[in-house]
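Heads up: the structure comes next, in structure tokens.
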């Protein structure tokens with residue numbers, strides 16, 4: 001068993017506040033939502049469990065230590081299940097419905113090769129939003145990120161009301177903006193160069209003329 | 001395809017920077033010792049990163065010594081003197097990759113370039129044989145990578161498929177750094193994203209040149225739009241790869257060299273993206289050194305004055 005303080009990355013003399021802060025940061029880092037559909041989701045959830053356990057141990061130890069503790073910060077619980085709920089709207093035909101469910105089972109068990117072959121065997125005129133979504137998931141796992149993005153985009157366009165597709169698509173867009181790594185080119189204030197200043201002055205001058 | 005994985009020097013502490021330099025110099029020496037003096041010229045930043053990653057996962061300790069640089073005897077430098085496996089591996093990879101890069105140049109370049117590459121390859125062949133003997137699996141993987149790369153380029157594949165061979169190669173390289181099953185899986189994903197990122201930034205960097213010379217480039221298919229839009233698209237594609245890479249990296253627990261590796265992953269990647277995609281093209285006239293410095297400061301201010 002690892003030292004819980006080490007897991008949280010704090011020293012033994014850290015205050016409760018510091019520990020809470022460290023815990024929150026780690027929990028954000030390894031949050032299951034971030035790793036949804038990632039092939040490493042299970043590793044991340046293991047890590048999360050370890051952090052939760054360490055935090056619980058540290059707080060309990062400190063409580064027993066007698067000092068006043070009011071921190072009952074609820075730990076993130078592991079209600080996260082990596083399984084796909086197939087509670088999506090019944091827009092698919094009956095035959096297609098069970099087919100996609102089978103594919104979801106394949107994806108859940110990590111059998112992506114089989115899922116991909118099953119998906120590609122579906123003729124193109126029977127492909128609906130769910131097909132594009134599942135194909136996106138398979139490509140995302142494989143690391144074909146650009147194709148995955150296109151598939152998710154198509155899935156969202158075909159079925160804009162589906163929350164599952166939307167959340168995935170939003171997550172990927174977040175990644176593309178560079179907020180989670182990489183370079184965010186849009187994060188800058190609007191430019192104000194010489195030309196802008198000049199134009200501004202000219203406009204003001206025009207207004208002055210009209211006022212006179 | 002080399003030299004994109006670098007720390008942002010200004011963000012490192014002095015002792016971290018010294019350590020980084022000592023790994024670089026240490027790797028150079030190890031190359032000379034293990035694979036022959038000529039292979040020292042294959043030294044690259046990327047292989048330095050690989051050496052650090054390998055040493056970090058194997059928990060190898062570094063012992064820094066002082067010595068004179070063979071190529072610049074006036075300069076005394078610190079270098080990492082270890083007999084560890086990490087440096088040997090990184091050196092071998094460096095030689096193998098350089099050799100295959102030359103072979104690649106031989107198959108698809110003009111007459112003079114081809115001649116030069118042939119000549120260089122002859123010099124490198126001794127070191128290559130040694131590296132091949134030490135790491136036959138890496139050599140085989142590199143050979144396969146070049147083959148599928150050429151195939152993908154001939155087919156004119158899209159972004160994902162053309163990045164796949166490099167990504168798979170790096171994935172293989174990283175995966176074999178550990179014996180633990182869980183770590184191997186994380187490393188495999190990390191390597192895949194890293195290889196993909198390297199391939200794509202190289203492609204984005206060469207885009208203008210490739211358009212001019214009508215060479216293959218995965219981004220050409222999207223470049224009908226104006227160049228500003230293309231730049232944003234390339235950047236977005238790289239961002240997505242980088243965030244996947246970071247997710248995998250956060251599950252690794254590098255022991256030594258942690259600060260330097262963190263710097264590369266969190267700052268180095270984004271700095272390179274900004275530098276290669278948004279800055280380089282407009283500033284061709286300026287001197288390299290000034291440019292780098294200026295780029296860094298505009299990078300710090302997130303470029304609000306000039307984008």
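The values are calculated or read from the model by the stated rules, or taken from the named source; none is laboratory data. It should be emphasised that the depicted structure is a prediction, and the values quoted were computed from it without experimental measurement. No Cβ is skipped: glycine too gets one built from the backbone with ideal geometry, and neighbour counts run over all protein chains shown.
To keep it simple, each residue is scored yes or no on (1) touching a strand residue (DSSP E or B) at 6+ places or on another chain (Cβ under 6 Å); (2) assigned to a helix (DSSP H, G or I).
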residue: B:52; (1), (2): no, yes
residue: B:57; (1), (2): no, yes
residue: B:62; (1), (2): yes, no
residue: B:83; (1), (2): no, no
residue: B:119; (1), (2): no, yes
residue: B:129; (1), (2): no, yes
residue: B:149; (1), (2): no, yes
Subject >> Boolean, residue B:50 is crowded, with 24+ Cβ neighbours inside 10 Å and closer than 25 Å to residue B:248 by Cα >> reply: yes
Original post:
How about region B:148-166: which of its residues are under 19 Å from residue B:201 (Cα atoms) and exposed (fewer than 15 other Cβ atoms within 10 Å of the Cβ)?
Top reply: B:156
Original post:
Restricting the search to region A:152-163, which residues are touching a helix residue (DSSP H, G or I) at 6+ places or on another chain (Cβ under 7 Å) and surrounded by fewer than 23 Cβ atoms within 10 Å (Cβ to Cβ)?
Top reply: A:153, A:154, A:156, A:158, A:159, A:162
Original post:
When you go through B:145, B:169 one by one, which is the residue that is more than 14 Å from chain A (Cβ to nearest Cβ) and buried (at least 18 other Cβ atoms within 10 Å of the Cβ)?
Top reply: B:145
**OP:** Could you give me the residue pairs with C-beta distances under 6 Å whose first residue belongs to region A:33-60 and is over 30 Å from residue A:144 (Cβ atoms), whose second residue is in a loop (DSSP other than H, G, I, E, B) wherever it lies, and which are 6+ apart or on separate chains?
**Re:** A:52/A:75; A:55/A:75
Subject >> Filter result for the condition that a residue is without any contact (Cβ under 8 Å) to a residue 40 or more places away in the chain and more than 10 Å from chain A (Cβ to nearest Cβ), over B:206, B:202 >> reply: B:206
Original post:
Any idea how many residues of region B:181-192 are under 13 Å from residue B:169 (Cβ atoms) and surrounded by 24 or more Cβ atoms within 10 Å (Cβ to Cβ)?
Top reply: 2
**OP:** Sort through B:40, B:6, B:33 and tell me the only one that's under 15 Å from the mean Cα position of the chain (by Cα) and surrounded by fewer than 24 Cβ atoms within 10 Å (Cβ to Cβ).
**Re:** B:6
Subject >> In region A:18-33, the residues that are within 10 Å of chain B (Cβ to nearest Cβ) and surrounded by fewer than 18 Cβ atoms within 10 Å (Cβ to Cβ) >> reply: A:29
**OP:** Report yes if some residue within region A:138-145 is assigned to a loop (DSSP other than H, G, I, E, B), within 11 Å of chain B (Cβ to nearest Cβ) and farther than 19 Å from residue A:33 by Cα; otherwise report no.
**Re:** yes
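In region A:165-186, which residues are more than 12 Å from chain B (Cβ to nearest Cβ) and under 12 Å from the mean Cα position of the chain (by Cα)? Write out each step before concluding.
Let us first name the residues in region A:165-186 that are more than 12 Å from chain B (Cβ to nearest Cβ), namely A:165-170.
Across region A:165-186, the qualifying residues are A:166, A:167, A:168, A:169, A:170.
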Subject >> Residues located in region B:169-199, provided they are more than 20 Å from residue A:35 (Cβ to Cβ) and free of Cβ contacts under 8 Å to residues at least 60 places away in the same chain >> reply: B:169, B:170, B:172, B:176, B:179, B:195
Original post:
Listed residues B:70, B:130; which is at pLDDT 90 or above and either in contact with a helix residue (DSSP H, G or I) (Cβ under 8 Å, 6 or more places away or on another chain) or buried (at least 16 other Cβ atoms within 10 Å of the Cβ) (or both)?
Top reply: B:130
